[in-house]
Each structure stands twice: as C-alpha cells, then as structure tokens.
Amino acid sequence: FCDSTEKGWLERLVTRPNLTRYRTALRAVRLAERANATLLVSHQPRVTMLTSFARKAQQSTVPHIAFTFNFTELPGRTQQRLMRWAFRDVEQFFAFSSYECDLYSRTFSIPRDRFRMLHFGFDLPIASTGVGRVRPERYVSAVGGEGRDYDTLVDAMRYLPHIQLEIIARPHNIQSLVELPANVTIRTNLGLLDTHAIMQSSEFTVLPLAHDRVPCGHVTIVTSMHMGKAQIVTDSAGVTDYVEDEKTALLVRHGDSQDLAQKIERLWNDSEERTRLGGNGRKFAAEHCTNSSVASVFAEYMTTRIQQ
C-alpha cells in the first residue's frame, strides 16, 4: 500500500503540481514490478491517471485497475484529453453507480464493459450506532458537502416552523444561505463521530442534491441505511442503485421546496413509515453495502484475473 502523505520540504513547498502524488504513483509501480504483482490497484481518478503515466514511463506490464472511480464534477476538456490517453491501459474501472459507468464510458471514450458498478460499502463503527439523543427535542438531519442543494432544503423548512433541522455541511455549502429560519441550525467541519451522533439521534435524514444527475451522496445514503434511518432523497440518476421510492426512501423532485416540505411533514408525522423505510434500508445495506460485500466483489475479480 502506498499513500500520498507528504514527505520532504520540497513536496510541502510545491503544491502545484502535486509532487507527492507523482512520487507515490512511481513508487507504487516500482513496488508492483519488483513483487511481480498480479494486479496494481489505484484509488480515485486523478491518482489513476498518474499511476497510468508512471506505468507508461516505466514500461510496466503489471495489469492496472481503478477502484473507487468517482468524480464530483467532471474535469475540463484539457484534463479529459489527458485522461482519455491515460485510461486506455486501465483494465477495469469500479464506480459507485450505473449512471457513472455510462457517463465515464462516454466521457473518456472507453468501452462500457470495462466499467463495473459496485455499491459503496463499509461497516459503521460500533461507537456510531449506540449514541444517545444529541438534542432534547425531535429534529431532522441533513449531512454532506458534495453536490448538495441546501438552498432548496432551507426554503422547504420555512413552510415547517414546527420542525427542527440540523445541517452538517462544509463552509462552501452555506455561502448562499444568508437568512436562516429559526428552526434551522448549521454546523460545519464536524468530526465523523459527532456527525454520526447527530444523524443517529435524528428522526430521519434528508439528502437534497444539486440536480437530477448528481453522482454523489452514496456515503450519506449508506450511513443512514446502516443506522436504520428513513430518508428523503432527491430523485437523481446517480442514486437509483441505492434508493427506491416508497421502499427504501421517499424521493422528491429536484429544486421543488414545496414537494420537499410535504415529504418532510409526511415522514415527521408517521412513525410507522419511518420504521418501515428505515428497516428496508438497513436490510439493503446489510446485503449490498458492507466491507464484506465489497471484498467479495474484489475477491471474485482477483480470482478470475489470476485464473486467466
């Protein structure tokens, strides 16, 4: 395993280009060659690009696959051209949604069969599942910083002054939120355990996405499912592999604050529906979104690759 922890004064001084990533990619390829490895695995698209460059530079013959292949936003045209060239030698890509597999195949001119959808999976820490109530009163939570539409959510809460909302976001998410209603609290840059505690003790979670093609929110969706939380999610092509309307979540139209307010009110007042949706979500996550489920997919691929 090679990580991109900064080492040396030069790498700390020079931030563009990211020298640490280049060094890490070169080191990974050299280690793979010396070990006569069966497979070289890179994580995240830009690291995959640099690893591919390193393989070409060193004429490596170790097969290369891209794991956790995900873009919050697609790169510009210049970088897309570089990536098309770099990604030609990548044997297989693992993305978190079917929509992304189709999108990246088109964007980088790569055959669709070299992309494989893999549900985002992890095991929730035990410490995150047994917390007490964070606030004495009932409230709803919304978490995350990528591809979010908190403007619409805050507008929806203006129709619901009797319902409290806790938003855990990043500073850039709230720059446009000038006047908050009294029933909305925003916290930024919280640690993971604090974030989980707020989610766990909320009545349910809301995931407002920036548009109907957002390939984000998978971590928040799966976390809510593992906690057994009902959730309201923007109807987006990027999350259809995880949520099904009226079964594992309530879906809402993008940018429609009134529709969102109605769904929040409905779920707030119906404990049986919260229990049903949360239970279905927990079952889905247990079957498809755990460390073992990810490992089994990867082990299957490795076994097939070795046999070839």
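Which of the residues spanning the stretch 93-115 are open to solvent by less than 20 Å² (accessible area, probe 1.4 Å) and either assigned to a strand (DSSP E or B) or touching a Gly at 6+ places or on another chain (Cβ under 8 Å) (or both)?
Within the stretch 93-115, 93, 94, 95, 97, 100, 115 meet the criteria.
Which of the residues that make up the stretch 174-220 are free of Cβ contacts under 8 Å to residues at least 40 places away in the same chain and open to solvent by less than 20 Å² (accessible area, probe 1.4 Å)?
Scanning the stretch 174-220 gives 183, 184.
Applying the selection to the stretch 50-74, what residues are hydrophobic (A, V, I, L, M, F, W, C) and under 22 Å from residue 302 (Cβ atoms)?
If the condition is that a residue be hydrophobic (A, V, I, L, M, F, W, C) and under 22 Å from residue 302 (Cβ atoms), then 54, 62, 65, 66, 67, 69 are the ones that fit.
Return the residues of the stretch 232-241 that are crowded, with 24+ Cβ neighbours inside 10 Å and either among the aliphatic types (A, V, I, L, M) or over 16 Å from the mean Cα position of the chain (by Cα) (or both); say none if nothing qualifies.
Within the stretch 232-241, 232, 233, 239 meet the criteria.
Are there any pairs with C-beta distances below 7 angstrom linking a residue in the stretch 284-308 that is within 20 Å of residue 221 (Cβ to Cβ) to a residue that is part of a helix (DSSP H, G or I) and open to solvent by less than 70 Å² (accessible area, probe 1.4 Å), with the two at least 6 apart or on different chains, and if so which?
As it stands, the answer is 284/225; 285/222; 285/225; 285/226; 289/222; 289/225, since those pairs meet every condition given.
Which number in (1) more than 17 Å from residue 165 (Cα to Cα); (2) open to solvent by 30 Å² or more (accessible area, probe 1.4 Å) marks the one condition that residue 263 misses?
(1)
Which residue pairs have Cβ atoms under 7 Å apart, sit 6 or more places apart or on different chains, and have a first residue in the stretch 221-245 that is in a helix (DSSP H, G or I) and a second that is charged (D, E, K, R) and open to solvent by less than 10 Å² (accessible area, probe 1.4 Å)?
Cβ pairs passing all conditions: 238/100.
Kindly evaluate residue 307 against the criterion of being under 30 Å from residue 62 (Cβ atoms) and either crowded, with 18+ Cβ neighbours inside 10 Å or at pLDDT below 95 (or both).
Spelling it out, residue 307 is indeed under 30 Å from residue 62 (Cβ atoms) and either crowded, with 18+ Cβ neighbours inside 10 Å or at pLDDT below 95 (or both).
Restricting to the stretch 137-179, name every residue that is more than 19 Å from residue 210 (Cβ to Cβ) and either in contact with a strand residue (DSSP E or B) (Cβ under 8 Å, 6 or more places away or on another chain) or not in a helix (DSSP H, G or I) (or both).
Matches in the stretch 137-179: 137, 138, 139, 140, 159, 160, 161, 162, 163, 164, 166, 179.
Can you run down the residue pairs with Cβ atoms below 8 Å, 6 or more apart or on separate chains, where the first is in the stretch 1-16 and under 19 Å from residue 46 (Cα atoms) and assigned to a loop (DSSP other than H, G, I, E, B) and the partner is at pLDDT below 75 and basic (Lys, Arg)?
So the pair list comes out as 6/12.
Name the one entry in 84, 55 that is out of contact with any Gly (no Cβ under 7 Å at 6 or more places or on another chain) and open to solvent by 30 Å² or more (accessible area, probe 1.4 Å).
Within the list 84, 55, the selection yields 84.
Would you check if there is a residue in the stretch 127-141 being at pLDDT 95 or above and touching a Phe, Trp or Tyr at 6+ places or on another chain (Cβ under 7 Å)?
yes
Quick one: how many residues across the stretch 242-267 are among the polar types (S, T, N, Q) and under 22 Å from the mean Cα position of the chain (by Cα)?
Counting residues in the stretch 242-267 that are among the polar types (S, T, N, Q) and under 22 Å from the mean Cα position of the chain (by Cα) gives 1.
Any chance you could count how many residues in the stretch 244-303 are among the aromatic types (Phe, Trp, Tyr) and under 22 Å from residue 152 (Cβ atoms)?
Residues flagged as among the aromatic types (Phe, Trp, Tyr) and under 22 Å from residue 152 (Cβ atoms) within the stretch 244-303 amount to 1.
The values are calculated or read from the model by the stated rules, or taken from the named source; none is laboratory data. These numbers come from a predicted model, not from an experiment. For neighbour counting, all protein chains shown are included, and Cβ atoms are generated from backbone atoms with ideal geometry for every residue, glycine included. Accessible surface is based on the protein model in full, side chains and every heavy atom, while ligands, DNA and RNA are left aside. Shrake-Rupley method; radii C 1.70, N 1.55, O 1.52, S 1.80 Å.
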